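What follows is a set of notes on a single structure, which appears directly below.
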Amino acid sequence: MSKQWYYVLFLLWFTFTAVTQILLFTNGFLLTRVTLKLNSSCDQQLKCDSEPQCENLLNKLDDATTTCLAPRSKVVLLIIDAFRYDFALYNASLSDPLPYQNKLPIISEMINSEPQNTRLYQFIADPPTTTMQRLKGLTTGSLPTFVDAGSNFATHEIDEDNIIDQIHKHGYNAVFMGDDTWDGLYPNRFIRNFPYPSFDVWDLDTVDNGVISNLFDEIQKDDWHLIIGHFLGVDHCGHRYGPYHNEMSRKLSEMNTVIRNVINSLDKESMLFVIGDHGMTATGDHGGESDNEITSTMFVYSKQQLTDSKNLNNYTIKQVDFVPTLSTILGVPIPFSNLGATVLDVLPVVKSVIPNWHKSLFALWANAQQLTAYIKTYANNTRTFNKQDLDNVFEDFEKLKVMMQSVTDEILFAGFVKNVNDYIKNVRNMCEKVWIQFDAYSMARGLLLFSHSIIFIYLLVNGLGDEKFDQCLNKFVIGSLYGLTLVGAIASFILLYFNIVSDFYNTFYFISGLCNLGVLIFLCVQNFQEISLSLNESNKTRKWNDIVSRILLTFSALMLFSNSFILEEAKVMLFFLCSLIVTFLLEFGFLNMDKVNVKSSVKRKIVILGLAIGVLIRFSMYFWKCREEQGCKDYFASKVSNVNRIEWILAFICLVIFIVATKIWLRSCGNLNGFSSTVVLARYSPPLIILCTIGFWVVHKLPRDTRIKIIGRWSPDTMAWIVYGFTFFGILSTIIKPLCIYRLKPNQLEVDMRSDNLIPQLAKHVMSAQPKKDDVPLVFGLATVYSAAFTVVAVYLILLWCLLLGDLVMPSCIALVFVLALVLVISSVRRYEQADCVESLFEVPSSLILFWFVMSIYLFYGTAHQPTFTNIAWDAAFVGTGGTLNYKLIPAALVLINTFGSYLITGITLPLLMIAPFSTHVMLPSLFNKKKGVNLARGELVIYDYDQAFLRGAFKMSCKYIMCHALRVFSSMLSSTIHCRHLMVWNIFAPKLIFEAIAMFITLVSVVLGYLLIIRINNKVDHLIKQLNKQYS
Amino acid sequence: MGPNELPIPRHLIIANGVFTVVAFTLLLLILKLLGVLYAIGKFTSIYLIIILVTFELIKAIARRHLFESKRNSTPKTSTNSFDSILLIAVSLLVFYVVPVLFGAPLFADFEETLMFSTVLTTLTTVQCLIHLGYKQSVKILLGLNTVDAHSVSVSSVVLRNVQCTVFGAWSAAVVIPLDWNRAWQAWPIPCCIGALVGHVIGNFTSTALVLNRRGKLLYKKHSV
């Protein structure tokens, strides 16, 4: 096996190690709450119709949890997704209300006309404020944990005890209509079920119209106890247009009509709940925990009078309080894992012989008992809670029990209610505090193994000389790395089999990581002398620009410990990029920073290029997205609903400039000649792709009716699929036939030489082996044979990314891609000037690797992303899929490419850093001085002559690049550990860690792919040259 | 080391360094005590520029007075007022554009950015012009001829000041994103102060280099 495959195997092993050790850490850090599959149940039913049963109600308090009273009322539950509290308020004095203000006058009308029957509350949701987590909270009464947040698009049946199950079990009937998320959560629980697709966020009306068309018919029937109607229009309107758009006022007015009609159609024994599952931000998003997102509404109207209340309105309740309240009203037991407190004020008063407060006390005590039982069971199953806290809770409960005995009248009862509510609140706080229980052991193992692996790989890659390194990376070492991984798998399987460990994966990750670390340490110890010598040497020869790079790298890792730097990371990365550009320029001798020997005309060009790069980077700043915490307003907030003509023109121009520039480049390289499938696709598909891209955007912006009028039923998604198809086949063909060259027969020579724009490259060493002049084979594009394949692949990927980013963000992406290209040119000039032999060109300066690394991070921010879940561009999932959810893989992949495209593109094009000096030297000779010792006239064919050094250099560069990312992931892991009780950990640090980890995975994969592509090209070039030699000698 | 440039006496460098360190530290302290330091980004602080220029002029005059009276071999620094003004203008523009590229607002903080640019120009370009004259300044700033960083000459001292000033301004930006909500975190206060501190450090380094042993050896080697 040749050396190059050892490199690939090592990279793959590195990938495996990094991924498993990150997973080892996150398995400890992002724990899920244990869901207990225990249910509450009714042992006895009390109808309370006849007197004797109810008179001794207070004697049965000890069995309150297992005793069910008769239903007090039937309930119509309307859920208006993203129903923020201020939407429900009515302020007659507003002369010019915003689109979301004063659109629900029915609520204030009812409060004023029937205050005894109406309640309005601020309804505080627990973060994360995503619909599925909220639905879980609304039906189980429990607190969702962080990890659940990720599974919004893969709905699972809820197996925890919940109110829908309770209703089903106790023979009551529930009807559901609306958001089909419910259908996934509670299949087969409803007597009638009308689900509508929720995934297409751009569709404001389907779900709502569906609900409205069924709702009133259902209310008229008399077999139900609970009707649930889940409206999505307001939420979708927020996502698509934001709360300040006229569509919002339309949707809210629609809701007003629905509420009014429902109130009119209710019979005497029913009540109406209108609740929101969460709020929305000023841009219409949700998911985080800002006040706007968590503050929702609960509006209650009952035909029967409600229990008297002192604080009628503007009262705040928690979302989990809804479940016990609804359970009490419907007369079913409170779900087992509920953490909420019954809201006594909304319980309807049923005429009966006993005073109402007896029933309230009964309900309240059932709630307290249930909660205590839950905590007791949970504490027995897991060691989540602090012993001291638990004892306090149980002690409090006993105290309450004693206190309860003395409750003999309504006034004493009011005091008791306060005590019970405090108790429930206490318990809930205790749960909130420790709910996310970190597995410190797993985290520590992950941190230690990951950091040690990075350090030792760094020592090996950086500390060993070329030959020594090749010696080290032999069959035995690679074999033992893989073998020990296998041993780890087997060992952990055996341990699992004998029940010594409970978790296979963590054990496997740990054992294999430990064994592999042993191999690395062994290698380092074996070569200790060599490593220490060379590190010492490199310390002496370090120059100022290396120091700047080191400062920047260190800082980019350290900044992850500070929440303000994470918030402002886009700014920091912009600053770093500019600093690196200035470093590159200063290397040309400005301010006397370096000794150089370049012409002043070249210097001038370099300065202009540097300025252009700076301007392009700065231009992308307008495309940053704002985080909720920053409290700023971004470019997109105002642009979502109405795109100006200027943006269209900009988007169009950017796309055209991009493909024209790449086409001119490839053509002048001579890589667009001939009829190989790769070349033909590279020539014709980019224009087609941008045509389809623009067509897709245009059609999508049209209102639905106009769209159907113009193009009929033909879906715009076809155009997206054309883009995907061309991208796929283009890349596939580049992998199969990576050489964009055209071999000319000698007799064709004269004809073709006349056409300009072609820089024919004579394969010189082929020629030297060839005595007869007229037999010289002419190969177009051989001088840029390596870079051309990368350029072609990059063009496809970037065009695909542009489509997914959308017309608003895409100009920034193109600008930054040009930055990448121009930096390659600038650095090539300097590297060539510094090189004293060809081999030294294969050592990529650390500042350039760092630039690529910083650029990968900045591209993420520059293309309107932020490491928060609220800011993920879910829109990308609809490009070409039209919101169908049959295959979740494709939408998921699209969102992934949209979000992490920056890491994908920088990772795959990483080998260009190595190739660039050769290609630029051929293509832009005016920038280079002639120099003895380094003859690059043959362009990238020189690489072929030194292919062993090239492949080794590319491998080392890949390792260094990965290590930069690994360093950041490590510091992100460490900062999450340190800040695990920080106020911001679930807002800032944990999402950052998750984004960094995914970015790391994408980087690892794309770097390996890029490296494989080099090997592929190199082998093909080898094949070609050998063939030519055979043919002409 | 520039052409025709002789090393200057040790004590002069030391005197120069001590003067700068003391004067700049005092200046910063007095501004802080008067409570006007954080107004450094406003046009009202333009007097600061005059003070800074005065410092440099004092140093230059003192040097010429003490040094050139003894040796006449030092070339007269050529003064070309039009070119010098042009150089200052270009430098102002560069120091305006560069922070904007680094992320400062384009026009929103025009006053602040311009003040930053003025402070930096004073500490770099104007300083060069005062001590070295137009031609030498251009050569040094554009790197047309190289200066030995370890030698003890006017140009090496000036150059070190320029480098340290720029580095100081650059590195001081680190405090801007922090969420401490302090008055001094506003652009361009940290960067201006960073530039001033960097300038002091540059002078300090020159003095320290002369004072330590290697500096002495170098000095002897050149001065014999």
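The values are calculated or read from the model by the stated rules, or taken from the named source; none is laboratory data. These numbers come from a predicted model, not from an experiment. Backbone-built Cβ (ideal geometry, glycine too); neighbour counts: all protein chains shown. For accessibility, only protein heavy atoms count, side chains too; no ligands or nucleic acids. Shrake-Rupley method; radii C 1.70, N 1.55, O 1.52, S 1.80 Å.
Contact order normalised by length for region A:68-356, with contacts defined as Cα pairs under 8 Å and 6 or more residues apart; what percent is it?
Values: 657 pairs, mean separation 98.7, N = 289.
With pairs under 8 Å counted, the relative contact order is 34 percent.
For region A:220-292, the Cβ-based charge dipole about the Cα centre amounts to some 320 debye (Lys, Arg positive; Asp, Glu negative; other atoms uncharged). A:I228 contributes about 0 Å² of solvent-accessible surface, heavy atoms of the protein only, 1.4 Å probe. Shielding of peptide A:577-583 by partners, expressed as the average count of other chain Cβ atoms within 10 Å per residue Cβ, is 3. Among A:R192, A:R830, the order of accessible area from largest down is A:R192, A:R830, computed with a 1.4 Å probe on protein heavy atoms. In chain A, Cα pairs under 8 Å separated by at least six residues give a relative contact order of 13 percent.
Here chain A is treated with +1 on each Lys and Arg Cβ and -1 on each Asp and Glu Cβ, and its dipole about the Cα centre works out to around 4480 debye.
I'd like to compare B:172-179, A:398-405, A:580-587: which one has the highest average count of other Cβ atoms within 10 Å, and what's the full order after that? Don't jump to the answer; show the numbers that get you there.
On the way: B:172-179: 17.1, A:398-405: 13.4, A:580-587: 22.2.
So the order, starting with the most tightly packed, is A:580-587, B:172-179, A:398-405.
Length gained on full extension, A:K169 to A:I978: 286.6 nm, using 0.36 nm per residue less the C-alpha separation. Once all protein chains are placed together, A:R938 keeps about 50 Å² accessible to a 1.4 angstrom probe. Per-residue accessible area (protein heavy atoms, 1.4 Å probe) orders A:D159, A:D165, A:D235 as A:D159, A:D165, A:D235, starting from the largest. Among A:321-333, B:20-32, B:189-201, sorting by the average number of other beta carbon atoms lying within 10 angstrom of each residue, highest first, gives A:321-333, B:189-201, B:20-32.
If you roll a 1.4 angstrom probe over the protein chains with everything in place, what fraction of the accessible area of the protein assembly as shown belongs to carbon and sulfur, to the nearest %? Provide the component values of the computation, followed by the final result.
On the way: 31990 of 51720 Å².
For the protein assembly as shown, the apolar C and S fraction of the accessible surface comes to 62 percent.
Among A:L910, A:G695, A:Q834, pick out the residue whose Cα is farthest towards the positive end of the charge dipole of chain A, where Lys and Arg carry +1 and Asp and Glu carry -1 on C-beta, about the Cα centre. Comparing the listed Cα positions along the dipole, A:Q834 ranks first.
Rounded to the nearest 500 deg cm²/dmol, what is the calculated helix-only ellipticity per residue at 222 nm for the protein assembly as shown, with -39500 (n - 2.57) per DSSP H run of length n ≥ 4?
Values: 47 runs with 750 residues, N = 1257.
Roughly -20000 deg cm²/dmol at 222 nm, from the helical runs in the protein assembly as shown.
Projecting the Cα atoms of A:V175, A:P99, A:A570 onto the charge dipole of chain A (Cβ charges, centred on the Cα centre) puts A:A570 farthest toward the positive pole. Working ranking of peptides A:421-427, A:679-685 by packing, defined as the average number of other Cβ atoms within 10 Å per residue, highest first, is A:679-685, A:421-427.
Listed cross-link partners A:K136/A:K251; A:K74/A:K221; A:K318/A:K387; A:K475/A:K1020; A:K318/A:K992 are compared with a 18 Å cut-off, the Cα-Cα value being larger for A:K136/A:K251; A:K318/A:K387; A:K475/A:K1020; A:K318/A:K992.
A:E568 contributes about 40 Å² of solvent-accessible surface, heavy atoms of the protein only, 1.4 Å probe.
May I ask you to compute the full-extension gain from A:R542 to A:I411, defined as 0.36 nm times their residue separation minus their alpha-carbon distance, rounded to one decimal in nm? Spell out each step's value before the answer.
Details: separation 131, 0.36 × 131 = 47.16 nm, distance 8.11 nm.
Contour length minus the Cα-Cα distance gives 39.0 nm.
Take peptide B:102-108, look around each residue's Cβ out to 10 angstrom, count Cβ atoms belonging to other protein chains, and average those counts. Counting other chains' Cβ atoms within 10 Å and averaging over B:102-108 gives 4. Placing dummy labels 7 Å off each Cα toward the beta-carbon, the span from A:D222 to B:L178 is 7.3 nm. Seen from every direction in turn and averaged, the convex hull around the alpha carbons of the protein assembly as shown projects onto 58.9 nm². Counting, for every residue in B:176-184, the Cβ atoms of other protein chains within 10 Å of its Cβ and taking the mean gives 3.
Based on the Kirkwood radius over alpha-carbon pairs, what is the Stokes-Einstein translational diffusion coefficient of region A:68-356 at 20 °C with 1.002 mPa s viscosity, in µm²/s? Working shown, then result.
Values: Rh = 18.8 Å.
Here the translational diffusion coefficient equals 114 µm²/s.
Between helix A:947-978 and chain A there is an angle of about 20 degrees, using the helix long axis and the longest principal axis of the Cα atoms.
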